[in-house]
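The values are calculated or read from the model by the stated rules, or taken from the named source; none is laboratory data. Just so it is clear, the structure is predicted and the values come from calculations on it, not from any experiment. Glycine also receives a Cβ, built like all others from the backbone with ideal geometry; neighbour counts cover every protein chain displayed. These accessible areas exclude ligands, DNA and RNA; they are computed on the full protein's heavy atoms, side chains included. Shrake-Rupley method; radii C 1.70, N 1.55, O 1.52, S 1.80 Å.
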Amino acid sequence: MTPKIPRVRMRDVARIYDALEIGLIIVDREGIIIWGNKYYSQLAKFDIRKYFGQNVRLISQRGDVELPNERTMIDIVLETKQCLSEVVIYHTVDYVITTARPILNDEGTVDYIVYTITNYSELMQTQERLSQSNSHILALETHLQNLQIKQSLGQDIIIADKKMYDIYGKALRLAATSVSVMLTGESGTGKDVLARFIHQNSPRRDEKFIHVNMATIPQPLFESELFGYTPGSFTGASRQGKEGLIQLANNGTLFLDEIGELPMDVQAKLLQVIQDKQVRSIGAVEPIPVNFRIICATNRDLKQLVREHKFRLDLYYRLNTIELTLPPLRDRREDIPLLATHFLNRYNQEKQTEKYLSSDVLQVFYKYSWPGNVRELQHCMDSLTTLCQRSTITLDQLPPEMQHLAFEETALSIQGTGAVTLKQSVELLETKLIREALARCATAAQAAEELGIDASTLSKKRKRYGI
């Protein structure tokens, strides 16, 4: 007998939403606020209930709310009908990201817009709170089918972006099969992490995962590394011979990273191995049966390589049964604060430090293009936790290209004040930096040292700017 499923009474829905530690506002297509929860009021420091029945655009006109651009989020969402995430600054100490998601009807027009407001400052306290808050962030923005994905990810795979959830959902379904998978995307997007995820959720999870990076193998050694060799099969060969990486992956998963670097002559032999399910070492007479699952990855355009006759078409179709393309980090900005916090916690634990990121740094991280993707973010956090001598990592600790971005943002805000001369711009920027340093430091002497000037110079500038 099928058990009776309990139902939530509608009058209790508001109580449930009020219990969430994530801000929530619901508006209609005209922007009229239908409802908002208590957590949003706590986060924004004003009572959202006073705005019920009014237009949500009025909130952006408050003096204590700053939007990242002149257009309101609702106007952009109504025009694009796409989900939008932006950093909205409330005059509190918290770092806040607001996501506006349109609810479309059968005709494709917007019926409602749901705002979810996340306080990422709370995520930076401990690893435990990171995990709990991550679940809260995703509670209203993911569907029930993501539950299995979240349970399979583990602590080392940090994603919040919907596109990434879709990719990992497909990967989870593919893991149960033996089809070959091609992972594409820019360097540093996490193709190796996704490949290992597929292996760890497959029936081969208890067997070996052999990661072969083609870009690190010298071209003359490709054949001997992949297929192995028998004793004395060529000059310089080991007397004991060597088992090839393909044979090592028997019953497990063979991950061929940077597959586009494989020479044409070795491509033909690899194709034969895949077709025959057996490998013949250099110098061997009899082939050895092998059974492995193959996953490949590349940041190159294999179709273009095929057209240029640098990659075999038959091998391409053998390897590319299913293709998953990972988006660059700049196209999944919701993941940036989570990843930054994840790496910060990891390196704090490894180096026995207790560093924190300032809200200004997180805003720069959110807007930076990250050409090196997740790998660049990880290396950046490693460097910052190593070199920063203070407990709080601030803008002056960032690499030059990120400091330049912060300067451009400040310059744009200065232009908005009507100050257009170089002298006035420099004065406004100096005022901003001095105020921030004084707010961070216990004494003026410490602030001067942080700014790289002597105490008397700082005193003169404070008097000059009235700080």
With respect to T298, is the statement that it is within 28 Å of the chain's Cα centre (by Cα) and of a type in the set (S, T, Y) true?
yes
Name the pairs: first residue in the range 270-294 and touching a residue at least 12 places away in the same chain (Cβ under 8 Å), second residue part of a helix (DSSP H, G or I) and polar (S, T, N, Q), Cβ to Cβ under 7 Å, at least 6 apart or on different chains?
V279/Q247; I282/S224; I288/Q247; V290/Q247
Pairing a residue in the range 51-79 that is under 17 Å from V27 (Cα atoms) with any residue that is open to solvent by 40 Å² or more (accessible area, probe 1.4 Å) and in a loop (DSSP other than H, G, I, E, B), where Cβ atoms lie under 6 Å and the two sit 6 or more apart in sequence or on different chains, gives S60/L67
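Condition first: outside any strand (DSSP E or B) and farther than 14 Å from A14 by Cα. Now tell me which residues in the range 26-47 satisfy that.
Quick first cut of the range 26-47, residues outside any strand (DSSP E or B) only: 29-31, 37-47.
Scanning the range 26-47 gives R29, E30, G31, S41, Q42, L43, A44, K45, F46, D47.
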Can you run down the residue pairs with Cβ atoms below 7 Å, 6 or more apart or on separate chains, where the first is in the range 295-310 and part of a strand (DSSP E or B) and the partner is among the β-branched types (V, I, T) and open to solvent by less than 90 Å² (accessible area, probe 1.4 Å)?
I295/V181; I295/I198; I295/T253; C296/I259; A297/I259; T298/T184; T298/I259
Looking at Q82, Q54, which is the one that is open to solvent by 20 Å² or more (accessible area, probe 1.4 Å), modelled with pLDDT of 85 or more and within 21 Å of R330 (Cβ to Cβ)?
Q82
Which condition breaks for P337 when tested against (1) of a type outside the set (A, V, I, L, M); (2) open to solvent by 20 Å² or more (accessible area, probe 1.4 Å); (3) touching a residue at least 40 places away in the same chain (Cβ under 8 Å)?
(2)
Can you find, within the range 162-173, the residue that is nearest to the chain's Cα centre (by Cα) among those that are within 13 Å of T189 (Cβ to Cβ) and open to solvent by 10 Å² or more (accessible area, probe 1.4 Å)?
K163
Just wondering, is there one or more residues in the range 181-194 that are over 24 Å from D301 (Cβ atoms) and either touching a residue at least 12 places away in the same chain (Cβ under 8 Å) or hydrophobic (A, V, I, L, M, F, W, C) (or both)?
no
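Okay, residues lined up against (1) surrounded by 13 or more Cβ atoms within 10 Å (Cβ to Cβ); (2) at pLDDT 90 or above; (3) charged (D, E, K, R):
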{"residue": "T2", "(1), (2), (3)": "no, no, no"}
{"residue": "V8", "(1), (2), (3)": "no, no, no"}
{"residue": "D12", "(1), (2), (3)": "no, no, yes"}
{"residue": "Y17", "(1), (2), (3)": "yes, no, no"}
{"residue": "E30", "(1), (2), (3)": "no, yes, yes"}
{"residue": "Q42", "(1), (2), (3)": "yes, no, no"}
Considering each residue of the range 368-392, count those that are touching a residue at least 60 places away in the same chain (Cβ under 8 Å) and part of a helix (DSSP H, G or I), and give that number.
4
Filter the helices (runs of 4 or more DSSP H) completely within the range 180-268 down to those with at least 2 residues that are open to solvent by less than 30 Å² (accessible area, probe 1.4 Å).
191-200, 222-227
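Going by the structure shown, is S425 of a type in the set (G, A, S), part of a helix (DSSP H, G or I), at pLDDT below 75 and surrounded by 14 or more Cβ atoms within 10 Å (Cβ to Cβ)?
So S425 passes the test.
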Might you let me know whether the range 363-372 holds any residue that is touching a Lys or Arg at 6+ places or on another chain (Cβ under 6 Å) and either at pLDDT 90 or above or open to solvent by 50 Å² or more (accessible area, probe 1.4 Å) (or both)?
yes
Test each condition in (1) open to solvent by 20 Å² or more (accessible area, probe 1.4 Å); (2) within 19 Å of M214 (Cα to Cα) for Y316 and report the one that comes out false.
(1)
